């Protein structure tokens, strides 16, 4: 067991089930270099839900998430070691047998848990967004680097089959040089509290609204496929200033004054000279709306959309088929080792390998900071009513929106 990576999990909300299924997938494929040795949640009964099959409170009803098809317990992953259970993450970091910490807690805790973990010599994997501000994320990166520890961020979109296939097609020159990105979608949450979590509507707990909470995913995908974004011009309205939680009968049981954006509309300029536009949010009433084929990437020879390469003249190729037939075997094994395709499992495997090798993950802390810079550039641009350079957000030259958050958490540039 001396070479096994011991992992402590902080936060046992809905997302923990996806990660436990991922670890179960890894062990089923012969990846046996880890054990989950601690579970922590301030509601300790939530942590007990996942420790051992047949023990603890019943798990919560399915929430309609992709991994909700079956309950999972740490004892399903490995039964030679069962995790200790904690209500206080400080205590877990100080006393549990740990090499690494998996942060699944709310955003405002990410940098606090990570910095405490680094001080204790632990590696860190944090769910997205990496941190509550760009400066908080940069601080995490700086401390991890100084102590020689791995830091990763949960951007599973990068590791999925669809995104990898698109990346292969682009790198193979199938659509030529990239010229444009286009994506749009508006969820039909209406005036409901996002995911039943009021903190997502409070600036000092969430940092930003939809542009941060969901935007980091989209910007990670865009940057991975199309390259670095240089400038963003955006609107980020609060369409529904008052949010509600209702019971099964539709009666209002909670009213919340939202402080944050629930939609954003952004124009992009890339370092390459390409341009882009995206619209996203969860403020729509009645019915969700989106592009029928999902995001579209246009190049000098054709475009990528709906799982296809579509060339001038109308010729179509399946992205999945192209990858299966033409990608070299070593690339397939690197992206999908031992045939693993679950994107959560792949990001966790990347984290484990980073710890073992001392090399950064693909989706490392630096990537997480750049995603945050794009998301906060949306909010800075909306507040300033002008285009904002990503470099200025990274340097702190533009921080009108984030200043309140950084001051609250004592995150000065020189700290």
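The gain in end-to-end length when the residue 172 to residue 296 segment is fully stretched comes to 42.9 nm, 0.36 nm per residue minus the alpha carbon separation.
Need one word for the stretch 262-415: rounded, prolate or oblate. Basis is the Cα gyration tensor (sqrt eigenvalues a ≥ b ≥ c); a/c below 1.5 gives rounded, then a/b vs b/c decides.
Oblate.
The length gained by stretching the chain between residue 315 and residue 403 to full extension, at 0.36 nm per residue less their Cα-Cα distance, is 26.6 nm. Got the relative contact order for the chain handy, in percent, Cα pairs under 8 Å and 6 or more residues apart? That works out to 19 percent. In this structure, residue 412 and residue 95 have a Cβ-Cβ separation that, at R0 = 41 Å, corresponds to a calculated FRET efficiency of about 0.85.
If you stretched the chain out fully between residue 395 and residue 145, how much longer would it get, using 0.36 nm times the residue separation minus the C-alpha to C-alpha distance? Numbers along the way, then the final one.
Working: separation 250, 0.36 × 250 = 90.00 nm, distance 1.83 nm.
Contour length minus the Cα-Cα distance gives 88.2 nm.
From the Cα gyration tensor of the stretch 184-272, with a ≥ b ≥ c the square roots of its eigenvalues, which class applies: rounded if a/c is under 1.5, or else prolate if a/b is larger than b/c, or else oblate? Since a/c reaches 1.5 and a/b is larger than b/c, the shape of the stretch 184-272 is classed as prolate. For the pair the stretch 183-244 and the stretch 51-81, the centres of their Cα atoms are 30 angstrom apart. For the chain, a Gaussian network of Cα nodes joined below 10 Å ranks 321, 365, 250 by mean-square fluctuation, and the top entry is 250.
If you count the DSSP beta bridges with both ends in the chain, what percent of them are antiparallel, to the nearest 5? Don't skip to the end; give the middle numbers.
Details: 36 of 65 bridges.
The antiparallel proportion sits near 55 percent.
For the residues 152, 207, 313, a GNM of the chain with alpha-carbon springs under 10 Å puts the largest fluctuation on 313.
Take the alpha carbon gyration tensor of the chain, find the square roots of its eigenvalues, order them as a ≥ b ≥ c, and report rounded if a/c is under 1.5; if not, report prolate when a/b exceeds b/c, else oblate. Intermediate results must be reported in sequence, preceding the final value.
Values: a/c = 1.41, a/b = 1.16, b/c = 1.22.
Rounded, since a/c falls under 1.5.
Considering helices alone, the calculated mean residue ellipticity of the chain at 222 nm is -10000 deg cm²/dmol, with DSSP H runs of length four and up weighted by -39500 (n - 2.57) and normalised per residue. The distance separating the Cα centre of the stretch 336-415 from that of the stretch 253-313 comes to 20 Å. Hey, in the GNM for the chain with a 10 angstrom Cα cutoff, which one of 375, 150, 95 fluctuates hardest? Sorting by GNM fluctuation, first place goes to 95.
Taking other C-beta atoms within 10 Å as the exposure proxy, 67, 89 rank 67, 89 from fewest upward.
A Förster radius of 35 Å combined with the Cβ-Cβ distance from residue 55 to residue 287 puts the calculated FRET efficiency at roughly 0.25. With neighbours defined as other Cβ atoms within 10 Å of a residue's Cβ, the residues 142, 251 order from fewest to most as 251, 142.
Just so you know, all these numbers are worked out from the coordinates, no wet-lab data involved. Everything numeric here is computed off the predicted structure, so don't read it as measured data. A quick note on method: Cβ atoms are made from the backbone with ideal geometry, for glycine too, and the neighbour counts reach across all protein chains shown.
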